[in-house]
Structure formats: structure tokens, C-alpha cells
Amino acid sequence: MRPIKLPESIFTCVLLKSLVLIHGRYLDNYPEFPNVYLPSLKNLHLDPVDVDPSKLLSGCPVIENLKLILQKTTREGSYVYAPTIQMPRTLKSLTFEDYTSLMEEINVREIYTPFLQYLRVRTVASPKLQVSAINFPNMVEAHLHIFHERLEHGVWVPKLLQALRETKLLALKYATTQCLFSAPAFEFPEFHRLLKLEVHLPCFNTNFMLNFLHNCHVLEALVIHIWGYYSHPVEEYNGPTPPTMVLNCVTSYLKSFEFREYQDTADEHEFIAYLLQRGLVLKNLTIHLESNLDQETKYNIVKGLSAIPRRSTICQLNFIDQNPI
């Protein structure tokens with residue numbers, strides 16, 4: 001439990017390529033912050049950070065993989081204030097968890113990393129949190145988990161989504177899509193390379209999904225997970241009415257669809273029918289039945305969906321009972 005004072009030579013080792021500092025006070029035990037120059041460091045993992053990480057990152061000129069965890073308090077109860085964090089431009093992979101923005105100070109997070117390929121962000125949106133990013137032309141995977149106390153705190157989320165428009169895989173957790181539901185005058189960016197979309201929804205909304213999929217031109221796999229039936233009120237979607245044309249990704253590219261916590265509301269049933277009747281290349285459509293449904297209801301759902309005509313001759317319709325007898 002005692003703080004560990006690392007030899008200062010570690011922070012100036014010219015051959016060091018990977019550094020992992022986990023669950024310890026390593027950097028706040030010096031009279032002054034140690035000089036940092038790690039010219040060969042490619043991988044850095046700080047969990048959690050016990051000082052402002054900017055001082056350390058500035059001495060890593062070629063870093064490519066960064067995992068950075070900012071806690072509201074450390075294990076010893078002290079608060080680490082990192083007012084501005086500029087992610088190194090050389091990054092290819094970034095995992096960033098930030099729980100400090102609920103404090104009163106303004107926090108600025110800049111992700112100006114043109115070579116970034118893998119991004120995982122888990123943070124708490126607050127009135128004083130400012131997040132900005134450039135476009136990521138090389139993005140492969142992006143995972144966003146944005147918590148918030150009030151929806152208006154996440155007004156920057158649509159701008160971040162715009163910066164991620166070149167990604168091949170996109171995963172949006174529940175609170176993140178809540179921000180998109182409520183965003184004023186928001187239009188989805190054109191996703192020309194997106195192959196897989198995983199979206200957790202506060203409730204199912206046909207207009208939201210059709211607007212989203214309209215701009216996912218070559219989407220091959222779609223996963224929908226509903227979170228809002230029991231613990232949250234139904235969210236209103238403020239977006240426009242979707243185009244009436246048949247979605248190009250559905251007719252030409254979509255091969256796999258998975259729906260988790262399916263309850264067979266009118267909107268859900270309509271959406272499943274839309275995919276089955278128009279999906280020319282659909283191979284697998286998997287329904288995870290909501291666990292609290294009774295057996296008779298589950299039977300009727302299976303019977304009703306199985307009767308819908310399928311446009312694809314190779315489509316397999318699969319049902320998974322989350323809570324079988």
C-alpha cells in the first residue's frame with residue numbers, strides 16, 4: 001500500500017518500448033516531476049493516472065498505443081486535475097476512460113490523431129467538458145460509451161460521430177445513443193466504409209434506425225440491443241422522417257442481423273419484416289427474446305415472425321430464449 005518511487009532513469013530510457021503503470025502512486029513522489037524522454041516508447045498503459053498525464057505524454061514522441069484511465073479520485077482519496085489533454089498525434093490505438101469531468105473545473109480533451117485506427121472512449125459528459133477531434137481517415141474500430149447527467153451535456157457527441165465516419169466497425173452504448181436521440185438538427189454522417197454497427201438503444205425507434213442505416217452504404221452486420229424497457233422512460237427521437245427509398249445496404253450488403261431483448265413492439269415487428277422482405281443477401285437473422293416474456297407470448301412471437309416471407313432464399317431465422325423453462 002506504500003507509494004513506490006521508481007528510479008528516474010526509467011523515464012529517460014532510450015530503449016524502453018513498453019511501459020505499464022497500474023494501481024500505484026508512481027509519479028507524485030518526486031520533489032519535482034521527473035524529466036521524461038522515452039524516444040522508443042510505443043506502448044503506454046496508465047491505470048489510473050496519479051498526476052496530469054500531459055507531462056508524461058509530452059516526452060513520448062513516437063507512442064502508438066495508449067491506454068489512459070483518469071479517476072475522479074485516486075485510491076488514496078486525492079483528486080487529479082488534468083485541465084487539458086492533447087492526445088499524441090502519433091497514436092494508432094487509444095483507450096481513454098475519464099471520470100474526472102464531474103468536478104467543477106473545465107476539462108478539455110483533444111483527439112488530434114490523424115493515424116488513429118482503434119478508439120475506445122468511456123467518459124462522463126458534463127457542462128464543462130469540451131471534447132474535440134479531427135477526422136480519422138484510417139479508423140478501423142470505434143467504441144463510444146458516453147455517460148451524462150443531462151442530455152444537453154453531450155452536444156459534442158454528434159461531432160465526434162462525424163469524425164468517425166470512415167470507421168469499419170462502430171459500437172455505440174446506451175447513453176451515447178441517448179445523446180443522438182435528443183440532438184437538435186442532427187444528420188448522420190455518410191459511412192462509406194462501415195461494415196459492422198452495434199447500437200444499444202434506450203428504446204426501439206424505426207425512424208432513428210432507418211435514418212442511421214440510410215447512410216451506412218455497405219453495412220454487412222447489424223446488432224441492436226434494447227436497454228430501455230424497464231429501467232428508463234421511453235425516449236423521443238427528434239430526428240427527421242427517414243427517406244422512403246429502400247435502403248441500399250439492406251438490399252445489397254446486409255448479411256447478418258442480431259436483435260437482443262426483442263419484445264415485439266409494433267416498431268420492432270415492422271423493422272424485422274422490413275429486413276426479411278427486402279434483404280436480398282441476408283444469411284442470418286437472430287432474435288434474442290426478452291427474458292421477462294411468458295412462454296405463450298414467446299411462442300406467438302416465433303410463430304408470427306416465422307410466417308413473414310423472406311426475400312433471401314438462404315436466410316436462416318434463429319430464435320434464442322434468454323430465460324427458457
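Could you provide, to the nearest whole Å², the per residue accessible area of the chain with probe 1.4 Å?
Each residue of the chain exposes 48 Å² on average to a 1.4 Å probe.
Taking LYS168 as the anchor, which lysines have their alpha carbon closer than 19 Å to its alpha carbon, excluding any fewer than eight residues away along the same chain?
LYS92, LYS159, LYS196, LYS255
Mind checking the full-extension length gain between THR206 and GLU270? Use 0.36 nm per residue of separation minus the Cα-Cα distance, one decimal, nm.
That pair, THR206 and GLU270, stretches by 22.2 nm at full extension.
Show me, for the stretch 217-227, the HN-Hα J-couplings you get by feeding each phi into the Karplus relation (A = 6.51, B = -1.76, C = 1.60, θ = phi - 60°), rounded to Hz, glycine and proline as x.
6, 10, 5, 10, 9, 9, 10, 10, 10, 8, 10
Stick to the Cα atoms of the stretch 154-204, pair each with every other, and give me the Kirkwood hydrodynamic radius in Å at one decimal.
11.4 Å
Which order do ASP294, ASP47, ASP264 take by accessible area at a 1.4 Å probe, largest first?
Descending accessible area places them as ASP294, ASP264, ASP47.
Could you size up the charge dipole of the chain around its Cα centre, putting +1 on the beta carbon of Lys and Arg and -1 on that of Asp and Glu, and report it in debye to the nearest 20?
The calculated dipole for the chain is roughly 1040 debye.
Please list, in order along the stretch 166-181, the HN-Hα scalar couplings obtained from phi with the Karplus expression 6.51 cos²θ - 1.76 cosθ + 1.60 (θ = phi - 60°), rounded to whole Hz, x for Gly and Pro.
After applying 6.51 cos²θ - 1.76 cosθ + 1.60, I find 8, 5, 9, 10, 9, 10, 10, 7, 3, 5, 5, 5, 4, 4, 6, 4 Hz.
At q = 0.15, 0.33 Å⁻¹, what log₁₀ I(q)/I(0) does a Debye calculation on the Cα points of the stretch 236-278 give, no solvent, two decimals?
Treating every Cα as an identical point scatterer, log10 I(q)/I(0) equals -0.48, -1.16.
Roughly to the nearest percent, how much of the accessible area of the stretch 170-325 is carbon and sulfur, given a 1.4 Å probe?
It is 51 percent, rounded to a whole number.
Among (1) 156; (2) 168; (3) 182, find the value of volume of the Cα convex hull per residue in Å³ that was calculated from the structure presented, and write down its label.
Checked against the structure: label (1).
Please list the non-local residues whose amide H lies under 5 Å from the amide H of ALA133, H modeled 1.01 Å from N, same-chain partners needing a gap of 5 or more.
The list, which skips near neighbours in sequence, is ILE111.
Mind giving me the nanometre distance, one decimal, between the label points for ASN238 and HIS23, set 7 Å out from Cα along Cα→Cβ?
4.2 nm
So if the hydrodynamic radius of the stretch 109-263 is defined as the Kirkwood radius over C-alpha pairs, what does Stokes-Einstein give as its diffusion coefficient at 37 °C and 0.692 mPa s, in µm² per second?
Answer from the Stokes-Einstein relation: 207 µm²/s.
Taking the Cβ-Cβ separation of LYS92 and GLU296 as r and a Förster radius of 41 Å, what is the calculated FRET efficiency to the nearest 0.05?
Calculated transfer efficiency: 0.20.
Where a ≥ b ≥ c are the square roots of the eigenvalues of the C-alpha gyration tensor, would you call the stretch 215-325 rounded, which needs a/c under 1.5, or, failing that, prolate if a/b is larger than b/c, or oblate?
Oblate, because a/c is 1.5 or more while a/b does not exceed b/c.
The values are calculated or read from the model by the stated rules, or taken from the named source; none is laboratory data. A quick note: this is a predicted structure, and the numbers were derived from the prediction, not measured. Please note: Cβ atoms are built from the backbone with ideal geometry, for glycine as well, and neighbour counts cover all protein chains shown. The accessibility values were calculated without ligands, DNA or RNA, using every heavy atom of the protein model including side chains. Shrake-Rupley method; radii C 1.70, N 1.55, O 1.52, S 1.80 Å.
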